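A short worksheet on the structure shown next.
Here, each number is a calculation from the coordinates, and none is a lab measurement. Remember, it's a predicted structure, so these values are computed and weren't measured experimentally. Cβ: placed from backbone, ideal geometry, glycine included. Neighbour counts: every protein chain shown.
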Amino acid sequence: MKTGKAFYMPTLKACLSIFRIKTAQGLQYRMAGLAGASTSIFWVLIEITVYTIFYTYSNNKEAGQIAGLSLRQLVSYAWLAQLFFLMQPMRIDSEILGKITSGDVAIEMCRPIDLYFHWFSKTAATKLTPLFWRGSITFLVGIIMPAAYRLSLPASFSGFICMLISFASAFLLCTAFGMLVCALRLNIKWGDGPTHIIMLMGGILSGAYLPLQLWPEFMQSFLLVQPFAGYLDIPLRLYVGTMLPADAYWAIGLQITWAMIFIFTGRSLMSVRLKSIIVQGG
Amino acid sequence: MKELKLYFKYIRMNFLAGLQYKGWPIMVLHVMIVVISDPIGLIFLFFRFGSIGEWSMERIILIYAMAVTSFGLAETFCRGFDYFPWRMIRSGDFDRVLLRPCSLFIQIAGSYFHIHRISRVFGGICAITWCLLRQGVQPTLLNALTLILAVTGGYFAYTGVFIMTSGIAFFTIQGLDWIYIFTNASYQVTRCPIDFMPKVLRYLFTFFMPMLVVSYYPASAVCGWGESYLKGLLAMPAGLLFLMLSMFIWRIGVRHYKSTGS
């Protein structure tokens, strides 16, 4: 594989245009966004109802406060979790998966750009577009809900800024992990099973099912340093104010470190795999 | 009778084709993890907050598991309708099905079968058994009958949802994601104890799509939480009624079908 500046500049430029084209393409699916948003909203409303019941009627009502998360914060968390959930890698991009299974990967390898970053920009673009329509509709509905169900304002202005930076890092982290799984999937014989399981584990540990702060006490320190907390738990803690902006440095640093590790392993794994790839199809 | 035979032939064929992919045990494992991890948030909430009055974890999980089992059965044995709007209408494959001199229904219902979907049923039955044992329910004939009829009714109800979606898909072709509210998102509703459930949800899932009729009422009757066996036994007729309504919509849809694709 060629290296050096002469190789990377065209790659970067090509990847940026691929990203732009794919994003523009994805933005055309407005109706799909609307239909998807209805599901997200339904889901959030059920979650909020369940949380409210636990916070008001359960035998240990105080347990949530003790864990450091008030109901108001939890409601905001639930809304934003739906948004952040959209960028999680749940499956390999169907276009890329099609290329792997049909053998078109051979054609992709002929292109004079780095395959890893080529697919990276494609994956990133397809993850960004649902965020735009489906995400923004969900967000708007969240703001105009009646008080008990409303997405409230961020805890502080600096917390909000930190959240935005952390959001960008989360996007990088999600895409990087998706690409690592994609590199694993280049081994055709395994099928879809193992990659689905790996991605599902990431989804569970991200806090999308339940904010990580409400998980059992003894797991807390593990939950915070594991890579998937960076998917949505860290940015949302910054938003609702259960993590102070002063702590944002190491939290965002942690996200970026994990993203770099995933990019590095993903890319090396991919170049190893590409040396001995089996091209399917005829 | 001939049609039932045809259906099982279809299923057998799809089943054997599925076994050709050597990765199928991993897919079974994958769905198993999905099934176990889905209620994990709820379980952690119960660990932290304790019961909600008389609503213990066993009770909520039992209702949830009843709904999941019914959904799993429908997904296993009626996968074809689940896929129909996506795989058959848009590609125009439905035209070919129409040409064959057999029941449309059987051909579509049997067109897909995925072995790994059975893990949802398996997981659901394990959870139901665990909850019933924890609550010390007597294994009488009436209880067993109520539960079996409930799950069968649930199977009809969820099959009805798939068929209804397919019927509506004739008119809209795309943008059917909202139907998710009546499939995968529907059993999430059972996480709310019924006394605290918003009225809208309670009525929607009782009188339109009878999800609570096939889960809450039979569970309540069997475990003695206050609902009568009569209501518990309504699960089967309610499921059938919903299925008939869906078939009606499906018929209208088929009559309006204009070919798509090439």
>> Please compute the length gained on full extension between B:Gln20 and B:Lys258, using 0.36 nm multiplied by the number of residues separating them and subtracting their Cα-Cα distance.
In response: 82.1 nm
> Relative contact order for chain A: what is it in percent, counting Cα pairs under 8 Å that are at least 6 residues apart?
Replying inline: 27 percent
>> Helix B:235-255 against the longest principal axis of chain B: what's the angle in degrees, Cα atoms only, rounded to the nearest 10?
In response: 20 degrees
>> Using a Förster radius of 30 Å, what is the FRET efficiency between A:Arg30 and B:Tyr203 based on their Cβ-Cβ separation? Nearest 0.05, please.
In response: 0.40
> If the limit is 25 Å between Cα atoms, which of A:Lys99/B:Lys9; A:Lys13/A:Lys99; B:Lys2/B:Lys231; A:Lys22/B:Lys258; A:Lys99/B:Lys22; A:Lys99/A:Lys127 go over it?
Replying inline: A:Lys99/B:Lys9; B:Lys2/B:Lys231; A:Lys22/B:Lys258
> What's the average, rounded to a whole number, of partner chain beta-carbon atoms within 10 Å of each residue's beta-carbon in A:51-64?
Replying inline: 5
>> Need one number: nm distance between label points at B:Ala144 and A:Ser271, each 7 Å from Cα along Cα→Cβ, rounded to one decimal.
In response: 6.5 nm
> What average count of beta carbons from other chains do you get within 10 Å of the Cβ of residues in B:49-61?
Replying inline: 3
>> Can you divide the C-alpha Rg of the range A:213-282 by 2.2 N^0.38 Å and report the result to two decimal places?
In response: 1.59
>> At 0.36 nm per residue, and after removing the present C-alpha to C-alpha distance, how many nm does the segment from B:Phe47 to B:Ile125 gain when stretched out fully?
In response: 25.8 nm
>> How much of the pair distance distribution for chain B lies past 33 Å, counting alpha-carbon pairs only, in percent?
In response: 23 percent
>> Please compute the modelled spin-label separation between A:Ile165 and B:Leu240, points set 7 Å along Cα→Cβ, answer in nm with one decimal.
In response: 6.6 nm
>> Pick from A:Gln88, A:Gln65, A:Gln226 the residue whose mean-square fluctuation is largest in a GNM of chain A, springs joining Cα atoms under 10 Å.
In response: A:Gln65
>> Residue by residue through B:29-41, how many Cβ atoms from other chains fall within 10 Å of the Cβ on average?
In response: 4
> Over chain B, what is the relative contact order in whole percent, taking alpha-carbon pairs under 8 Å and six or more residues apart?
Replying inline: 27 percent
> Where Lys and Arg each count +1 and Asp and Glu each count -1, what net charge lies around A:Thr126 among other residues with Cβ under 11 Å from its Cβ?
Replying inline: +2
> For the range A:5-275, what is the convex hull volume of the alpha-carbon atoms per residue, in Å³?
Replying inline: 144 Å³
> Using the per-residue mean of other Cβ atoms lying within 10 Å as a proxy for protection, in what order, highest first, do the peptides A:156-163, A:171-178 fall?
Replying inline: A:171-178, A:156-163
> Using a simple spin-label model with points 7 Å from Cα along the Cα→Cβ vector, what separation in nm is obtained for B:Met32 and B:Cys102?
Replying inline: 3.3 nm
>> I'd like the orientation of helix B:211-223 relative to chain B: the angle between its Cα long axis and the longest Cα principal axis, in ° from 0 to 90, rounded to 10.
In response: 40 degrees
>> Which of rounded, prolate or oblate describes the protein assembly as shown when judged by the alpha-carbon gyration tensor and an a/c cut-off of 1.5?
In response: oblate
> Expressed as a whole number of Å, what is the distance separating the alpha-carbon centroids of the range B:113-191 and the range B:73-107?
Replying inline: 21 Å
>> Of the candidates A:Tyr51, A:Tyr149, A:Tyr249, which one comes out as most mobile in a Gaussian network treatment of chain A with C-alpha springs shorter than 10 Å?
In response: A:Tyr249
>> Taking a ≥ b ≥ c as the square roots of the Cα gyration tensor eigenvalues, with a/c under 1.5 meaning rounded and otherwise prolate when a/b beats b/c, else oblate, which class fits the range A:14-58?
In response: oblate
